[in-house]
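Here the structure is laid out as structure tokens; the discussion comes afterwards.
The values are calculated or read from the model by the stated rules, or taken from the named source; none is laboratory data. In this text the structure is predicted, and so the values were computed from the model without any measurement. Every residue, glycine among them, receives a Cβ derived from its backbone with ideal geometry; neighbour counts consider all protein chains shown.
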Amino acid sequence: MTSAIEARLSALNITLPDAPMPAANYVPFVRTGNQLFVSGQIAAGPDGLITGKLGADLGVEEGAAAARRCGLALLAQARAALGDLDKVKRVVKLVGFVNSTADFTDQPKVVNGCSDLMVEVFGDAGRHARSAVSAASLPMGVSVEIEAIFEVE
């Protein structure tokens, strides 16, 4: 039997990647009580890491696409943690880091790529609190990294 969220992903023509393995000494997620904390997921596509600095190498649309890829990885981690995305009651908070130049000010537009995905997938339960901040650099030169907190059953 297909879960409601899996059916929604299929209807949206969204395929989640495999949950990425940690790149250092940390775990990809921690569940405590009714909250699931997912470690920062970096921008990666089918061809590898999405690198570059917003405001120099990448534009807002490219950054938003990279943020969406972070969101797909967040959902993949949540599914790995819970076994079923129907157990997500709400997206509580996203924290987005954007590798950008000192004068780049559209971090919120970049992180919208992930925020919009959460609303597409979960509807009103995908609306969340959020931070979108600039970073002078990110691991392995990626353009975006986003972490999440989910309320779960």
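Arg79 - would you say it is out of contact with any Pro (no Cβ under 9 Å at 6 or more places or on another chain), closer than 16 Å to Ala19 by Cβ and at pLDDT 95 or above?
In short, yes.
Okay, residues lined up against (1) modelled with pLDDT under 95; (2) surrounded by fewer than 17 Cβ atoms within 10 Å (Cβ to Cβ); (3) out of contact with any strand residue (DSSP E or B) (no Cβ under 6 Å at 6 or more places or on another chain); (4) part of a loop (DSSP other than H, G, I, E, B):
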| site | (1), (2), (3), (4) |
| --- | --- |
| Leu74 | no, no, no, no |
| Lys89 | no, yes, no, no |
| Phe97 | no, no, no, no |
| Asp116 | no, yes, yes, no |
| Glu120 | no, yes, yes, no |
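When region 134-153 is limited to residues that are under 19 Å from Lys53 (Cα atoms) and in contact with a helix residue (DSSP H, G or I) (Cβ under 6 Å, 6 or more places away or on another chain), the one that is surrounded by the most Cβ atoms within 10 Å (Cβ to Cβ) turns out to be Val144.
Would a scan of region 12-19 turn up a residue that is touching a residue at least 24 places away in the same chain (Cβ under 8 Å) and in contact with a Ser or Thr (Cβ under 9 Å, 6 or more places away or on another chain)?
no
Which of the residues spanning region 76-87 are without any contact (Cβ under 8 Å) to a residue 12 or more places away in the chain and surrounded by 17 or more Cβ atoms within 10 Å (Cβ to Cβ)?
None; the set is empty.
When region 99-112 is limited to residues that are of a type in the set (A, V, I, L, M, F, W, C) and touching a helix residue (DSSP H, G or I) at 6+ places or on another chain (Cβ under 6 Å), the one that is surrounded by the most Cβ atoms within 10 Å (Cβ to Cβ) turns out to be Val110.
When each of Thr51, Thr15 is tested for being of a type in the set (Ser, Thr, Tyr) and either touching a Cys at 6+ places or on another chain (Cβ under 9 Å) or buried (at least 16 other Cβ atoms within 10 Å of the Cβ) (or both), the lone residue that passes is Thr51.
Selection over region 54-71 of residues that are aliphatic (A, V, I, L, M), surrounded by fewer than 20 Cβ atoms within 10 Å (Cβ to Cβ) and within 20 Å of Ile14 (Cα to Cα) gives a count of 1.
Can you pull out every residue in region 1-28 that is in contact with a strand residue (DSSP E or B) (Cβ under 9 Å, 6 or more places away or on another chain), assigned to a loop (DSSP other than H, G, I, E, B) and aliphatic (A, V, I, L, M)?
Correct list: Ala19, Ala23, Val27.
Against the list (1) among the small types (Gly, Ala, Ser); (2) under 20 Å from Arg130 (Cβ atoms); (3) in contact (Cβ under 8 Å) with a residue 60 or more places away in the chain, the condition Ser100 fails is (3).
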